[in-house]
Amino acid sequence: MIAPTALFALDTLLTDEEREIRTTVRKVCDREIRPHVAGWFDSGELPARELARALGEVGVLGMHLEGYGCAGLGAVAYGLACLELEAADSGLRSLVSVQGSLAMYAIWQYGSEEQKQEWLPAMAAGERIGCFGLTEPDFGSDPGGMRTTAKREGGDWVLNGTKMWITNGSVADVAVVWARTDEGIRGFLVPAGTPGFTAHDIKRKVSLRASVTSELVLDGVRLPDAAVLPGARGLSGPLGCLNEARFGIVFGAMGAALDCLETAIAYAGDREVFARPLTSYQLTQEKLADMALELGKGLLLAVHLGRLKEAGTLTPEQVSAGKLNNVREALEIARTCRTLLGASGITLEYPVIRHAVNLESVLTYEGTSEIHTLVLGKALTGIPAFH
Ligand SMILES: Cc1cc2nc3c(=O)[nH]c(=O)nc-3n(C[C@H](O)[C@H](O)[C@H](O)COP(=O)(O)OP(=O)(O)OC[C@H]3O[C@@H](n4cnc5c(N)ncnc54)[C@H](O)[C@@H]3O)c2cc1C
């Protein structure tokens with residue numbers, strides 16, 4: 001027997017340092033996350049602060065950023081960390097993606113020197129948590145329609161509006177909020193506790209339950225001019241951040257798929273049906289072979305895109321291709337693995353159904369599968385079909 005990843009000799013594409021990082025993150029997940037995550041999912045509660053500190057200690061928060069206490073590692077190393085985190089739970093990878101690729105990246109890429117000094121080292125250490133408020137109740141796939149406004153009043157800005165589905169929202173020390181101004185869309189750093197700013201958790205989720213998802217309300221929030229991100233103008237600001245986070249999902253989704261496949265192979269090897277192991281049936285072997293193929297192809301694509309990112313040539317369309325393919329295939333793998341576990345597959349005793357329902361969210365956030373399909377359609381035809 002060989003492991004699904006060994007089939008494609010994936011490790012031969014990685015450096016020693018990348019393999020070490022992967023092992024380090026896996027050990028943290030084994031110690032801090034895996035023993036508890038089904039319980040967090042079940043209760044819908046996450047000890048986000050403790051986890052952020054533990055993840056900060058191993059350097060995964062903003063690990064692909066340079067300076068300000070960040071590790072400055074390559075894209076593939078960052079991707080492998082996402083893979084290991086999502087093999088534990090998509091909610092934990094979401095916490096890390098939003099912290100590092102959305103909130104920290106926005107400050108790192110578009111922030112003033114003072115903003116970077118104030119927030120980035122503490123966020124890299126996991127002492128402070130960030131969130132990223134772009135989506136609104138009426139504008140998800142089309143964030144350019146946003147209604148949240150920021151108006152100048154004297155030397156200050158006053159923000160009004162509502163942001164919806166915001167990961168880490170109620171546990172964040174700082175929210176990166178995107179708002180419409182007379183100069184186009186701008187980004188603002190809104191510290192928790194600012195008068196008029198509140199966050200309310202969204203309850204009754206059946207997906208990403210081990211993740212905090214909130215509504216942010218901005219009711220006359222007054223901020224100094226120093227709160228605006230000076231380097232971001234227009235929708236390209238938030239879209240640049242989303243491209244970073246999507247890249248992590250290309251790897252992360254394959255982590256969830258790998259955990260499902262390994263669980264299913266082990267389960268089906270032990271499970272006897274009609275007096276023989278489930279793995280000995282051709283129908284089962286076909287399922288396993290098909291899943292191993294899609295997993296291997298997805299991982300090869302992820303590493304390839306990572307190398308392009310490291311070379312500075314990765315395009316947003318290539319990230320769309322990776323996100324679309326790998327999340328779609330991961331979801332298919334999770335569903336097929338669920339069938340192999342039979343009735344056991346619907347309980348939280350095994351991670352498979354948890355991954356499957358989590359991946360439903362991953363399919364939707366950071367650009368839905370339909371939107372990424374349209375991105376590829378536009379790239380192939382030159383015709384935008386979004387409107
Ligand atoms: C768990 C979770 C966490 C999230 N975290 C964050 C966060 O931290 N920050 C943040 O800003 N947002 C976050 N989001 C929001 C997420 O990015 C949006 O849900 C997503 O962009 C889709 O927007 P929507 O839900 O409004 O769906 P809609 O945009 O209303 O889409 C509904 C359906 O219409 C389809 N559709 C849209 N346009 C077209 C078109 N032109 N042609 C054909 N079909 C189309 C979509 O693909 C989808 O199938 C999160 C979402 C979830 C579920």
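Some points to look at:
- Space enclosed by the convex hull of the alpha-carbon atoms of the range 1-58, per residue, Å³: 115
- Taking θ as phi - 60° and the Karplus parameters 6.51, -1.76 and 1.60, the scalar couplings of the range 238-247 work out to x, 5, x, 5, 4, 4, 5, 5, 4, 4 Hz in sequence order, x denoting glycine and proline.
- When Rg and Dmax are taken over the Cα atoms of the range 312-367, they come to 13.9, 47 Å.
- If you bin all the Cα-Cα distances of the range 116-214 at 10 Å, starting from zero, the percentages per bin are 15, 44, 34, 7, 0.
- Dipole of the chain, positive direction: furthest Cα of V28, G72, T364, with charges on the beta-carbon: T364
- Cβ-placed point charges (K, R +1; D, E -1), dipole of the chain about Cα centre in debye, nearest 20: 500
- Once the Cα atoms are used to define both axes, helix 352-364 deviates from the longest principal axis of the chain by about 40 degrees.
- Considering only the chain, percent of DSSP beta bridges that pair antiparallel, nearest 5: 85
- Using the 1.4 Å probe convention, the accessible area of the range 88-237 works out to 37 Å² per residue with neighbouring protein chains retained.
- Protein-only accessible surface order, largest first, of D201, D156 at 1.4 Å: D201, D156
- Solvent-accessible surface of the range 304-387, taken per residue with a 1.4 Å probe and all protein chains present: 48 Å².
- Debye-sum result for the range 180-230 in log10 I(q)/I(0), which assumes one identical scatterer on each alpha carbon, at q = 0.18 Å⁻¹: -0.73
- Convex hull of the range 105-147 built on C-alpha atoms - directionally averaged projected area, nm²: 4.0
- Across all Cα atoms of the range 161-308, the radius of gyration (one decimal) and Dmax (whole number) stand at 22.7, 72 Å.
- Calculated SAXS-style log₁₀ I(q)/I(0) at q = 0.13 Å⁻¹ - the chain, Debye, Cα scatterers: -1.04
- Ordering of 61-72, 226-237, 103-114 by packing [mean C-beta count within 10 Å, highest first]: 103-114, 61-72, 226-237
- Rg followed by Dmax, in Å, when the range 2-135 is reduced to its Cα trace: 15.3, 52
- Whole-percent carbon and sulfur share, accessible surface of the chain, 1.4 Å: 54
- Helix 16-28 and the longest principal axis of the Cα set of the chain meet at an angle near 90°.
- Folded to 0 to 90 degrees: helix 369-381 orientation relative to the chain principal axis, Cα: 80
- Considering the range 237-319, its Cα convex hull presents a mean projected area of 6.4 nm².
- Cβ screening of the chain for cysteine pairs under 4.7 Å finds these without a partner: C29, C70, C82, C131, C241.
- Cα-based equivalent ellipsoid of the range 238-387: semi-axis lengths in Å, sorted from largest, via gyration tensor: 33, 15, 13
- By average C-beta atoms within 10 angstrom, highest first, the peptides 251-261, 353-363: 251-261, 353-363
The values are calculated or read from the model by the stated rules, or taken from the named source; none is laboratory data. All values reported here derive from a predicted model rather than from experimental measurement. Ideal geometry is used to build each Cβ from the backbone, glycine not excepted, and the neighbour counts take in all protein chains shown. Areas reflect the complete protein model, heavy atoms only, side chains present, ligands, DNA and RNA absent. Shrake-Rupley method; radii C 1.70, N 1.55, O 1.52, S 1.80 Å.
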